[in-house]
1. Is it the case that segment 112-130 has a residue that's under 25 Å from S3 (Cβ atoms), surrounded by 17 or more Cβ atoms within 10 Å (Cβ to Cβ), assigned by TED's automatic domain parsing to the domain that holds H171 and more than 16 Å from the ligand (Cβ to nearest atom)?
2. Which one is nearest to the ligand (Cβ to nearest atom) among residues in segment 237-258 that are surrounded by fewer than 16 Cβ atoms within 10 Å (Cβ to Cβ) and assigned to a helix (DSSP H, G or I)?
3. Answer with yes or no whether L294 is modelled with pLDDT of 95 or more, more than 24 Å from K57 (Cα to Cα) and either of a type outside the set (V, I, T) or surrounded by fewer than 14 Cβ atoms within 10 Å (Cβ to Cβ) (or both).
4. If I ask for residues that are touching a Ser or Thr at 6+ places or on another chain (Cβ under 8 Å) and in a loop (DSSP other than H, G, I, E, B), which ones from segment 26-56 would you list?
5. Scan segment 18-37 for residues that are at pLDDT 95 or above and of a type outside the set (A, V, I, L, M) and report the count.
6. Which residue is farthest from the ligand (Cβ to nearest atom), if the candidates are limited to segment 21-47 and must be surrounded by 16 or more Cβ atoms within 10 Å (Cβ to Cβ) and among the small types (G, A, S)?
7. Somewhere in segment 308-329, is a residue without any contact (Cβ under 8 Å) to a residue 40 or more places away in the chain and in a helix (DSSP H, G or I)?
8. Would it be correct to say that S266 is within 16 Å of the ligand (Cβ to nearest atom), more than 30 Å from I42 (Cα to Cα), of a type outside the set (D, E) and touching a strand residue (DSSP E or B) at 6+ places or on another chain (Cβ under 7 Å)?
Amino acid sequence: MFSQRTNWQLSPNALTRAIEEARASGQPILDLTISNPTEAGIHPDTNVVLAALSNPKAMHYDPQPRGLLAAREAVCRYYRESHGVSDLDPDRLILTTSTSEAYTYVFRLLCNPGDEILVPKPSYPLFEFLADLADVKLVPYPLLYDHGWQIDFDSLYKAVSPRARAIILVHPNNPTGSYISSNETLALNSFCSKHALALIVDEVFLDYSHDATPRCSFVANSDALTFTLSGVSKISALPQMKFAWLAISGPTPIVAGAEARLEIISDTFLSMNAPVQLAASVLLDQRKPIQPILLGRLRTNLAELDRQLSVYLSCRRLQVEGGWYTVLRVPAIESDEALAIRLLREASVSVHPGHFYDFPSEGYLVLSLITEPGIFREGVTHLLQQVE
Ligand SMILES: Cc1ncc(COP(=O)(O)O)c(C=O)c1O
């Protein structure tokens, strides 16, 4: 009855079953995996957001394939104010309900069934599903850790076959927290233009640079065809609003072709709703109070982790430049999944095992830094005692 592309493993894995059992037994869990800001005590201004959503203009239906101009202009203002990009043309933007939808549009634009997209490893687990749904094959390219994360260019170059269409970059990456450096950008642009590959750049965590140094966005990248994806789910900690976008840049003739085709893809779905688009400017402005709070929390939790790690020899934290996660290197004496289950059962701590993110070996745990600091502190204490 069903398509092969939906032949996923539908039964819950061992860790999910262990979490369900723990919850059912009433066991309190110190959850160090929360990435939903609305469950981590991070609240944009309720009155301001709800007032913006009740604009009477929303009673008029104005179907615009790229999204309402006022909303796209609000996105341009975000890039001008936060990233110094002053000349982003609103016509280069297509609004989507999520970056997942934006990925799907771009995969549909670029790929025939069976074509290949290169993805960083380790990285965001949802790529597998997005690729399955678009009949695209993912080809991993490794990130190497040596005093910080970097792209393994030799392996990337070898992974490119004639069916490759694009390289995905996550800037900064989830969960490694590593940004694409300017030297890496140069190399990627030259490789992509030589091999007719596009760049698909996920910048949802761009603004969360831990050292407060602003990092460059790819929205102005013009040396290769580039699709830059972002949205308010992370920028303003408003994932429930479903407001995201993709920006198109690159050499002029190819950008014009991409824009025209994407406009038709987007026109086919017209998935944006009026209230959210009319509130776009207010939703984006929520970043101004929210980002300092979130950045403060990321730094507090990271400092607490380092303080506690300083007395343990067997675990260490990998370097992180930005984003909401941190990676712990732990002794690889059992599988990461077995360790995560043991931590849950014996220390009441929930963490993500590295294999969720396709780490190359055992011995990695991922913690969310947006966790409420009291829970984070206690959870890390339990975790380190148990691992040690
Ligand atoms: C790298 C990355 N991209 C995108 C998203 C989700 O963004 P959206 O809510 O816009 O689909 C996440 C969510 O955690 C993420 O980690």
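The values are calculated or read from the model by the stated rules, or taken from the named source; none is laboratory data. As the structure is a prediction and not an experimental result, all values here were calculated from the model. Note that each Cβ is placed from the backbone with ideal geometry, even for glycine, and that neighbours are counted across all protein chains shown.
1. So far as segment 112-130 goes, yes, one or more of its residues are under 25 Å from S3 (Cβ atoms), surrounded by 17 or more Cβ atoms within 10 Å (Cβ to Cβ), assigned by TED's automatic domain parsing to the domain that holds H171 and more than 16 Å from the ligand (Cβ to nearest atom).
2. Q240
3. It is true that L294 is modelled with pLDDT of 95 or more, more than 24 Å from K57 (Cα to Cα) and either of a type outside the set (V, I, T) or surrounded by fewer than 14 Cβ atoms within 10 Å (Cβ to Cβ) (or both).
4. Listed by number, the residues that qualify are Q27, P28, I29, L32, T33, I34, S35, A40, P44.
5. 4
6. A22
7. no
8. Answer is yes for this residue.
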